[in-house]
Amino acid sequence: MQKILVIGALGQIGSELTAAFNARYGKENIVVADIHEDTNHLFPDNVFEKIDVTDSSAIEQAIERHRIDTIVNLAAILSASGEKNPDLAWNININGLLNVIRLGVKHRLDRVMVPSSIAVFGPQSVLYDTPQETVLTPNTMYGVTKVVGELLGDYYFKKTGIDFRGIRYPGIISNKTMPGGGTTDYAVEIFYEAVKNRHYTCFLSSESCLPMMYMPDCIRATIALLEADRRLLRHCGNYNVGAMSFTPEILANVIKKYIPDFTIDYKPDFRREIARYWPASVDDSAARSDWGWQPEWTLEIMVADMLQAVQKKCR
Ligand code: NAD
Ligand code: SER
């Protein structure tokens, strides 16, 4: 793993994961790619490639031009946006992923990483401590694409030996780049509204309990799985990882400890129905035993850190 191409590098996770890659592996070894130009100059010192993940030849040219041996593909349409445009979600999440896998096989890449999501679960999955191996009947096109993505990664690993890896991320909370159209976005928006307006109207209901993770843990988990010894991995692209679980009401109550006049009300929309069948918590024992996963950030310390960062940004 010496030269990494990060596709979808300008999004919520990519903008921080790529920075972590730069610090760990050297920016000369990281090629940044996205369908959009880097107009915010997030990575002025990296080689940048404007690539649509559904364009196989563009990815192949980048692999050859930069002697890429690892691809991390973060390009995707998330759950809420995917319900508004399911065909687009299928095209980017599946055809993009297939391009990356096929080119990975053709060019004998060292490894390929594509995230999955808690959205793979559905009404027939257990709600608490959801096992890694269980019934997967998602109720969104996004979830369908994530199940298919996991299965494709597993299939090509068994047939071709391609080293496909991925984590079922929970909702990711961060303060560098805003989330891009997911059901868990409320858990980021709430901080900005609390700081700016002392009030938040939540699109989920007060009791929607979901697994969440703060970005520093997300980065640590991703790098740990990326660097893990393949011989110790019993799975490919479907590792459950847990960190914290809370409802909007619980999160609002912790924020109130720092902003006592903060108020929240609820106007649940279609995203409430998406969240209804996602787990409240996951069993991540496979990640813990295979590659040493251990979360560090709890709800309390995450809220304190988020408020500090968002207050600084909003000054
Ligand atoms: P995001 O929407 O913030 O970022 C996605 C990036 O991909 C954007 O920069 C976008 O411009 C780019 N992109 C979109 N279409 C593209 C295309 N056709 N070609 C190339 N680039 C394209 O998403 P994210 O939150 O950073 O998610 C990254 C990955 O993690 C996705 O696979 C997502 O499903 C998964 N995930 C995220 C979360 C979360 O809470 N953020 C949770 C579970 C799983
Ligand atoms: N955060 C993501 C979403 O809400 C979960 O995959 O879509």
Determine the sum of side-chain charges near Arg111: Lys and Arg each +1, Asp and Glu each -1, restricted to other residues whose C-beta is under 9 angstrom from that of Arg111. -1
Tell me, what ³J(HN,Hα) does each residue in segment 293-302 have, in order and in whole Hz, if you take phi through Karplus 6.51 cos²θ - 1.76 cosθ + 1.60 with θ = phi - 60° and put x for Gly and Pro? 4, 7, x, 10, 9, 9, 4, 4, 6, 5
Output the relative contact order of segment 132-223, whole-number percent, from Cα pairs under 8 angstrom with separation of 6+ residues. 26
Amide H partners (placed H, <5 Å) of Ser245, local residues excluded: Met212
Could you point to the residue in Gly14, Pro248, Leu210 farthest towards the positive end of the chain's charge dipole, with +1 and -1 charges on the Cβ of Lys/Arg and Asp/Glu respectively? Gly14
What list of ³J(HN,Hα) values in whole Hz, one per residue of segment 113-123 in order, does the Karplus curve 6.51 cos²θ - 1.76 cosθ + 1.60 (θ = phi - 60°) give from phi, with Gly and Pro shown as x? 10, 9, x, 9, 7, 4, 5, 5, 7, x, x
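Residues with beta-carbon under 9 Å from that of Gln2, excluding Gln2: net charge, scoring Lys, Arg +1 and Asp, Glu -1?
Details: positive: Lys3, Arg67; negative: Asp69, Asp110.
Overall, the nearby charge balance is 0.
For every other residue with a beta carbon closer than 10 angstrom to the beta carbon of Ser206, add +1 if it is Lys or Arg and -1 if Asp or Glu, then tell me the sum.
Details: positive: none; negative: Glu207, Glu249, Asp265.
That sum, taken over residues with Cβ under 10 Å, equals -3.
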If amide H atoms are modeled at 1.01 Å from N in the peptide plane, then the residues at a separation of 5 or more from Arg165, or on another chain, having amide H under 5 Å from its own are Val112, Met113, Val114
Under a 5 Å amide H to amide H cut-off, with H placed in plane at 1.01 Å, what residues pair with Tyr266 once short-range neighbours are removed? Cys202
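How high is the relative contact order of the chain, given as a whole-number percent (alpha carbon pairs under 8 Å, six or more residues apart)? Let's see the in-between values first.
Working: 638 pairs, mean separation 58.3, N = 315.
Answer for the chain is 19 percent.
Can you pull out the trypsin sites (Lys or Arg not before Pro) in segment 9-67 that DSSP calls coil and that have at most 13 other Cβ atoms within 10 Å? Show your work: numbers first, answer last.
Working: sites: Arg24, Lys27, Lys50, Arg65, Arg67; in loops: Arg67.
Of the trypsin sites (Lys or Arg not before Pro), the ones in loops of segment 9-67 whose Cβ has at most 13 other Cβ atoms within 10 Å are Arg67.
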Please state the charge dipole magnitude for segment 1-119, taken about the Cα centre, from unit charges on C-beta atoms (+1 on K and R, -1 on D and E), reported in debye and rounded to the nearest 20. 400
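Read-outs throughout are calculated quantities, based only on the coordinates presented, and are distinct from any laboratory measurement. Fair warning: this is a prediction, and the values are worked out from it, not measured in the lab. For neighbour counting, all protein chains shown are included, and Cβ atoms are generated from backbone atoms with ideal geometry for every residue, glycine included.
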